[in-house]
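The values are calculated or read from the model by the stated rules, or taken from the named source; none is laboratory data. Since the model is a prediction, treat every value here as computed from it, not as a measurement. No Cβ is skipped: glycine too gets one built from the backbone with ideal geometry, and neighbour counts run over all protein chains shown.
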Number of protein chains: 4
Amino acid sequence: MADQISNTTTAQALSHSKVSTEIRVRYAETDQMGLVYYANYLIWFEVGRAEFCRQKGFVYRDFEHDTGAFLAVAEAQCRYHNPARYDDLLTIETQVSEFRKRTVRFQYELIRKESQILVATGMTLHVVLDRQGRPKSFPTSYRHFFL
Amino acid sequence: MADQISNTTTAQALSHSKVSTEIRVRYAETDQMGLVYYANYLIWFEVGRAEFCRQKGFVYRDFEHDTGAFLAVAEAQCRYHNPARYDDLLTIETQVSEFRKRTVRFQYELIRKESQILVATGMTLHVVLDRQGRPKSFPTSYRHFFL
Amino acid sequence: MADQISNTTTAQALSHSKVSTEIRVRYAETDQMGLVYYANYLIWFEVGRAEFCRQKGFVYRDFEHDTGAFLAVAEAQCRYHNPARYDDLLTIETQVSEFRKRTVRFQYELIRKESQILVATGMTLHVVLDRQGRPKSFPTSYRHFFL
Amino acid sequence: MADQISNTTTAQALSHSKVSTEIRVRYAETDQMGLVYYANYLIWFEVGRAEFCRQKGFVYRDFEHDTGAFLAVAEAQCRYHNPARYDDLLTIETQVSEFRKRTVRFQYELIRKESQILVATGMTLHVVLDRQGRPKSFPTSYRHFFL
């Protein structure tokens, strides 16, 4: 119960803390429809997460190395609102929408930088695993970066 | 209302019509966690869709060519239950779970072939677009393949 | 000198030992030119290598696991003769063209299965590394698969 | 003969005209060896080419759109000197090493930005094709960007 409450509070507190980064669409990321292939958005979400970490004060590479923990993806979801095209400059807005003992949820917005048109929204849910793939608690030394 | 009912009926009728295909995990599809990178599951879903079409009696390439219509992805979702690893042989079970005038929804199950362990479940929602990217109705000459 | 000679002999002996496998072009592998994006051919070469190993009697996954050795790519090359397109069924012919103490060279031919048109030819050169990334000799217990 | 001479001259003139850009290694680009998967280097070469064009004064997207011409890849080659790892910041140095009537050759150097260690060198040869895939001359309105 207390856990529920603190989670709700945390989620609200986090909602204003977006991190923004940019990517330029590669030719490799298009398909024969002339638009970006849909799986590539999940790769951009990963870029958003990495930059989220960097701007919050740590490098995700160090997180894995120092703690032996991995943020494995348990669920991913994307809604495609408007197409992204080759050479488009896109802004990725990333935020943590939920932070629990063993899971973290990120939310993403992809926006065409010039026109500010919404390209996509998405979500990834991560569970903390150790090197053997067993669930573990979020390393305490890194918790403050998310709060 | 009538539309609601017929859609429901259609969905039920389709629910038994799964198509099965196999893929072998490529080294390219792994990442440094030693497991398959999460975006690749959406590529496998596409392989599942292509084989769904083929086993239902048509080739998706011809669909695009003959009708000038594209099944653009409007939404995608994946739940990762158990990891897939390099060289695993996976079964993809694909079915249409919803077929409407301008949209089609596919559902997927990924299973490790040998152990029958569930690897992932997912969904993609598609809208029918013409070459200019405008919504259009599902081409009538191809409707029977989905019903 | 003796080493040179035995290598040359080996290369000749190996030249008749092609392994054939098939892949079907995925939508994800195309780009907005309407053809397959050029980097994907190197992924198919990897599929060819994996099937080469399997048909020679071992699984590359086990090779890494059992010996702690990796076949890291030192050089790759591809000539693109005719385009591959979405849904094409391609045959990959793979062979070892050179087998030395610390390196292995593979050669590839990609052919459209139906028309037998040559799509691409390529080569990859591999060095044997241990888990720390240091060069090592080819594990003796696996040498006979290549000879 | 005159053509041969002017080509040689051009190649020399171009050799000092490198364009530099940066990329950060994505998690998606690693494999289970813990290093970057070898096919991804060709994608980075494409990023190098796109930035080469931009810094020379045009956008490759416009080139395709305005002229109806495509720079299809006829050959690609890469030598892997030192591994690239997740989150590495890499500099891509791109230059045109040969510019002929119907072909263009690019050369690339990949360098770890911080340590200045050479990661890879490579080359791509391109032929100019029209929308139907037939060879054509390099569009005259874009020649000056390469000279």
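A few remarks follow.
- Filtered residues of the range C:60-101 (kept if closer than 24 Å to C:ARG134 by Cα and among the aliphatic types (A, V, I, L, M)): C:ALA69, C:LEU71, C:ALA72, C:VAL73, C:ALA74, C:ALA76, C:VAL96
- Consider the range C:62-73 and keep the residues that are more than 9 Å from chain D (Cβ to nearest Cβ) and assigned to a helix (DSSP H, G or I). The one that is surrounded by the fewest Cβ atoms within 10 Å (Cβ to Cβ) is C:HIS65.
- Any hit, the range D:43-55, residues being under 28 Å from B:ASP87 (Cβ atoms) and either modelled with pLDDT under 95 or within 14 Å of the chain's Cα centre (by Cα) (or both): yes
- Filter pass, D:TYR142 being surrounded by 22 or more Cβ atoms within 10 Å (Cβ to Cβ), of a type outside the set (Lys, Arg) and touching an Asp or Glu at 6+ places or on another chain (Cβ under 9 Å): no
- Condition met for D:GLU51 (surrounded by 17 or more Cβ atoms within 10 Å (Cβ to Cβ), in contact with a strand residue (DSSP E or B) (Cβ under 9 Å, 6 or more places away or on another chain) and of a type in the set (Asp, Glu)): yes
- Looking across the range C:40-61, the residues that are free of Cβ contacts under 8 Å to residues at least 24 places away in the same chain and either in a loop (DSSP other than H, G, I, E, B) or more than 14 Å from chain D (Cβ to nearest Cβ) (or both) come down to C:ARG54, C:VAL59.
- Of the residues screened, B:ALA76 is one that is within 13 Å of the chain's Cα centre (by Cα), modelled with pLDDT of 95 or more, surrounded by 19 or more Cβ atoms within 10 Å (Cβ to Cβ) and within 8 Å of chain A (Cβ to nearest Cβ).
- Count of the range B:17-39 residues which are at the interface with chain A (Cβ under 10 Å from one of its Cβ atoms) and either over 19 Å from the mean Cα position of the chain (by Cα) or free of Cβ contacts under 8 Å to residues at least 12 places away in the same chain (or both): 7
- Options D:ARG134, D:ARG105, D:ARG85: the member that is among the charged types (D, E, K, R) and crowded, with 18+ Cβ neighbours inside 10 Å: D:ARG105
- The residues of the range C:8-31 that are modelled with pLDDT under 95 and surrounded by 15 or more Cβ atoms within 10 Å (Cβ to Cβ), listed by number, are C:THR10, C:ALA11, C:LEU14, C:LYS18.
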